[in-house]
Amino acid sequence: MLPRTPLFMLLTASLLAAPSFLRPQLPTLGSLSEGIHKNASFKSQQFSTDDKYTLRGTVINSVTSEPIRGALVQIYFNGQSSMLTGPDGKFQFAGLPPGQSTIMVRKPGFFSEGDFEPNAQGQHLATTGPNSSPVVLKLVPEGVIYGRISEEDNEPIEGLPVELLAQRLQNGRKIWDRRPQAVTDEDGNFRIAELQPGDYFLSAGPSHNPVILPAHLSQPGAQGIPLVYYPGGSELAAAAPIAISPGKKVEINLTLSPQPFYRLSGTINGYVPGQPVNLQLRNSAGIPLPYNWRFDSASGTFHVNGVPVGAYTLRADAPDSHGHSLTATVPLTVNTDLSGLHLILLRTVTIPIRMSVIASRTGAERFWEQENYFPAYVQLVARNAGLFELRYGSQQVGERGAASLELQNIAPGTYSVEVNPNGPLYVQSATSGTTNLLESDLSVAPGSSPQSIEITLRDDVAFLSGTVYLGNLSLSATILAFSEHTSVPPRIQPTYSGGNFQLSPLPPGIYKILAVDHPDRLEYANPEAVKKYLSKAREVTLSPEQSAKIDLELTKVGE
Amino acid sequence: MPVQRWLPLLFLLTFFQQAPVPSAAPLVPPAPSTFRISGRVIDAITGQPLARAFVVINPTNSPNTPNPPDSGRVEITDEQGLFAFAAVPPGKYVLSARHRGYLTQMYQQHENFMTAIVVGPGLDSENLIFGLRPGASISGDVLDESDDPVRHADVMLFHQFVAGGRRRTLQVQRAKTNDEGHYHFSHLNPGTYFVGVSAQPWYAQHGARHRVKQANQDGNEIGLQPLIEQNQSLDVVYGIAFFSNAGDLPGATPIALHSGDMAIADFRLRPVPAAHVLVRTPAAEPEQNTNVSVTQTVADNDTIWVPAQVNQVAPGLVEVSGVPQGRFNLVLNTQQGNASAHRSIAELSGSDAPYRCPVEYSVSRTAHQCRSPRACACGLPGPESFGTQSCPQRANSRSKTIRSRQENTN
């Protein structure tokens with residue numbers, strides 16, 4: 001989360017307060033033209049802090065521009081005041097001191113525009129004083145996905161879980177979100193509301209309890225509704241997104257038929273008797289499926305019923321007697337009952353981290369030499385973990401004074417390594433044996449004792465500051481700094497006041513610097529997505545210990 | 001869920017179904033070693049056969065030997081509703097059936113009794129008529145005072161029944177309203193039901209009304225100062241509402257459900273001013289963690305948590321806001337390190353609302369007398385007193401009983 005700065009919100013407020021272009025659409029605003037009026041006697045151009053003002057405004061639906069009655073408007077000045085809008089969507093707060101107030105608005109069934117702006121947190125800023133105008137606050141209507149799930153003979157399917165996966169931007173990357181599950185009712189109906197605009201993928205199933213059909217029927221054995229992604233496949237990759245724009249209600253009906261469910265069984269080796277063993281089956285999208293595993297600690301056998309056809313990863317986790325974790329993973333393709341599965345629990349791996357700092361900055365304090373100071377923190381990001389990112393962070397071990405960092409309980413796999421310097425330092429190199437971790441992934445083999453990660457940092461950082469303009473107006477924005485090395489993630493930092501910025505220390509090198517209005521709408525960690533904006537970026541070459549200052553023109557995302 | 005209610009039934013079976021042991025008679029051909037269970041599943045009301053019903057037999061063992069999972073056998077009824085299990089070993093079986101729209105039932109199940117099927121030489125386990133009763137449902141919409149749907153309202157379903165010669169009312173299901181304010185209870189057995197709704201106005205603002213005006217040099221004399229008047233039209237709550245128009249279970253309208261009934265119970269919630277209650281807690285000791293919560297008793301031994309807002313006004317004094325009117329319980333939880341928690345309950349009753357003035361209660365381990373709510377800052381017994389106004393006594397208006405008990409929750 002980026003720090004919240006009042007100035008950042010100013011941008012939102014300046015766009016929202018008195019949007020004259022909106023007035024023609026708003027017949028209700030005609031009567032608001034007098035705007036702010038003063039309770040006390042009013043002298044033009046002069047006011048004291050004792051004067052009291054009234055703030056008026058209207059809450060409208062961002063899609064229809066219709067006024068919204070009964071919306072809760074809250075204003076924060078020295079105190080706090082709340083009211084509901086009237087039938088015409090209007091509100092007014094009297095007795096306000098001059099200055100800026102934060103306004104929040106909400107109503108069930110709507111989002112505040114600020115809900116999509118991570119830095120604004122649902123707030124607007126309004127100015128009260130002799131010359132301020134009425135405010136227009138917009139509420140964005142929610143989206144709803146609803147529908148019915150039935151079998152081919154139109155019999156409703158009751159009690160089937162329905163889930164939405166949403167793709168959204170976080171830290172400039174597309175990430176996946178799971179939404180709370182719905183369950184079909186006795187008529188097969190489901191309904192999921194409170195959806196923000198975006199693309200959603202709908203899954204239904206699997207049914208929890210397979211039906212065991214008698215042997216003399218044409219398809220005997222266990223059957224149930226498998227996990228299905230709308231419009232019909234078992235793979236998320238083949239699913240169709242459901243686009244939800246503000247206020248959109250989409251009906252999704254699915255006709256599903258029972259499929260054979262299979263039984264998985266096998267044995268587990270290497271667990272410590274008496275310690276719990278956790279089994280988990282994930283589908284090819286990395287989503288864990290809710291199954292009731294039966295594990296018999298005495299014999300080491302496990303089984304589970306009701307697994308539909310598909311590709312899965314079966315994983316077992318257990319602690320050993322020293323508190324380390326043991327793990328085993330088996331990829332499975334299920335299209336029949338599988339018995340004799342065999343999982344051998346192996347100790348996860350602990351990777352020590354060794355760090356050194358090259359102090360070359362003239363006259364600089366060697367702050368990293370303080371006791372218990374770590375010049376960087378390390379994270380491993382698992383590759384091929386499915387939709388959901390899996391991260392391991394470095395942990396501090398050892399006594400005070402002799403503490404070090406290590407990565408603990410790392411399961412076998414392939415990881416990208418992120419090194420985050422702690423203080424005005426940058427990473428010169430990060431290696432594991434002969435592997436350059438700034439360029440290549442770290443591979444952790446099962447049961448191995450891997451080499452330590454060696455990190456070298458430098459302190460001769462460079463500094464970049466400046467101001468963001470739109471025309472002659474300096475204004476708040478978010479700065480993105482793209483390194484010439486594509487493996488280095490872009491730096492993101494908001495301006496702090498009046499459009500001024502001061503980036504945290506940067507490694508020397510060549511950068512493309514961009515000032516944007518809506519970083520939350522830009523997939524800036526994806527080089528393809530930022531390509532068209534980079535032509536507007538300013539290129540800066542920073543040498544060690546250099547302090548540079550630049551002016552930037554605001555780039556509007558989406559234009 | 002009906003399924004849970006059946007479990008004890010299995011243990012009763014032996015008392016109701018003692019299979020007569022046939023005396024071995026000569027000249028009778030040797031008995032077959034396996035038998036059949038067969039019959040027809042019908043709608044118990046109309047007598048129509050039910051096709052594609054799932055019929056399950058499960059051997060019933062002694063109460064101490066539960067059935068192994070997957071021990072049941074399944075058949076599906078044909079177009080005439082007929083089913084047959086062949087090659088059934090002698091023994092005692094629980095026969096159950098389910099069909100969409102009907103209650104999943106055991107054979108001849110009514111109230112707490114059912115009939116097991118006994119299979120063996122000389123016993124007739126064929127041509128059974130298995131009547132299924134359609135399930136009933138209660139659904140409805142919860143709207144607020146502006147006819148907007150109330151989302152996420154807790155809807156409670158209470159079932160009234162006679163057990164052990166006593167009439168009891170128990171909460172049997174709970175649901176949340178959706179974005180349209182709609183709720184739905186299905187698969188209900190015939191019987192007498194009540195529906196209650198617990199919700200809060202989404203816009204409610206229960207700011208604290210008081211703060212402590214400091215204090216002379218000794219720090220002893222603390223005065224309570226009312227905060228600046230807020231917009232009190234938003235300081236409202238919905239009291240718990242029972243269908244059709246009651247604030248408690250005794251006043252609620254019973255909903256009598258017969259098989260297949262689809263009852264509708266709609267609610268329109270009306271906001272009422274929230275009560276603000278000042279609660280004196282035991283003198284805070286260092287590292288002692290005290291919190292106050294509010295619960296309301298809705299049925300026999302059934303209390304729900306009331307989402308009240310608790311603000312500490314001063315050490316040992318909290319203001320509880322957003323409390324509904326009526327009877328409710330103040331619960332004091334004291335946690336000191338890992339020591340045991342003391343839990344005191346002050347039970348408040350009365351109806352002379354709105355409590356525009358705070359009511360002061362002292363919650364402690366020893367019973368306390370509380371004063372009238374009429375004055376805005378009533379004195380409390382004890383060495384410290386808040387405010388200077390005297391408390392007019394109002395006979396019978398508000399009798400408070402404060403129970404205390406000490407529990408070891410460790």
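Read the figures in this text as sums done on the coordinates, not as results from a lab. Since the model is a prediction, treat every value here as computed from it, not as a measurement. Here Cβ is always computed from backbone atoms with ideal geometry, including for glycine, and neighbour counts include all displayed protein chains.
Annotations for the structure displayed:
- D (Stokes-Einstein, µm²/s), Kirkwood Cα radius, the stretch A:48-179, 0.890 mPa s at 25 °C: 140
- If R0 is taken as 51 Å, the Cβ-Cβ distance between residue A:538 and residue A:208 corresponds to a FRET efficiency of 0.35.
- Once both labels are positioned 7 Å from their Cα atoms along Cα-to-Cβ, the gap between residue B:297 and residue B:246 label points is 1.6 nm.
- Cubic angstrom per residue, convex hull over Cα atoms of the stretch A:203-277: 197
- Stokes-Einstein D for the stretch A:69-120, Kirkwood Rh over Cα pairs, 10 °C, 1.306 mPa s (µm²/s): 132
- Under 5 Å, built H, 5+ apart or other chain: amide partners of residue A:179: A:164, A:166
- Volume per residue of the C-alpha convex hull in the stretch A:421-507, rounded to whole Å³: 122
- The value given for the stretch A:217-347 is a Kirkwood hydrodynamic radius of 16.8 Å, derived from the mean inverse Cα-Cα separation.
- Electrostatic bookkeeping for residue A:316 treats Lys and Arg as +1 and Asp and Glu as -1; over the other residues with beta carbon under 14 Å from its beta carbon, the sum is +1.
- Cα gyration tensor of the stretch A:135-284 - equivalent ellipsoid semi-axes, whole Å, descending: 33, 24, 13
- Linear extension gain, residue A:449 paired with residue A:396, 0.36 nm per residue minus alpha-carbon span: 17.2 nm
- Exceeding the 19 Å Cα-Cα cut-off - candidates A:107/A:248; A:90/A:138; A:90/A:248; A:52/A:138: A:90/A:248; A:52/A:138
- If only the Cβ of Lys and Arg carry +1 and only the Cβ of Asp and Glu carry -1, the dipole of chain A around its Cα centre is close to 1200 debye.
- Centre separation in Å (Cα based) which lies between the stretch A:161-208 and the stretch A:289-320: 26
- Phi to ³J(HN,Hα) by Karplus 6.51 cos²θ - 1.76 cosθ + 1.60 over the stretch A:470-484, Hz, x for Gly, Pro: 10, x, 9, 9, 8, 8, 6, 6, 10, 9, 10, 10, 9, 6, 5
- Positive-end ranking of A:395, A:449, A:405 along the dipole of the stretch A:326-463, with charges on Cβ about the Cα centre, is headed by A:449.
- Ellipsoid fit via the Cα gyration tensor, chain A: semi-axes of 49, 39, 19 Å, each the root of five times an eigenvalue, largest first.
- Inter-chain Cβ neighbour average for residues A:77-85, partner chain, 10 Å: 4
- Between the Cα long axis of helix A:6-16 and the first principal axis of chain A there is an angle of about 70°, rounded to the nearest 10.
- For residue A:338, the residues whose amide H sits under 5 Å from its own are A:263, A:264, A:265, ignoring neighbours fewer than 5 places away on the same chain, with H placed 1.01 Å from N.
- Structure-based [θ]222 nm, chain A - -39500 (n - 2.57) summed over DSSP H runs of at least 4, per residue, nearest 500: -1000 deg cm²/dmol
- FRET efficiency, residue A:175 to residue B:82 (Cβ-Cβ, R0 41 Å, nearest 0.05): 0.15
- In sequence order, the stretch A:323-338 has phi-based couplings of x, 7, 9, 10, 8, 8, 9, 9, x, 10, 10, 9, 9, 7, 4, 10 Hz under the Karplus curve 6.51 cos²θ - 1.76 cosθ + 1.60, θ = phi - 60°, and Gly or Pro positions carry x.
- With the simple spin-label model, which puts each label point 7 Å out from Cα in the Cβ direction, the residue A:350 to residue B:170 separation comes to 5.1 nm.
- Legend: mean number of C-beta atoms from other chains within 10 angstrom of residue C-beta atoms, peptide A:139-149, equals 1.
- The label point for residue B:192 and the one for residue A:325, both projected 7 Å from the Cα toward the Cβ, are 5.5 nm apart.
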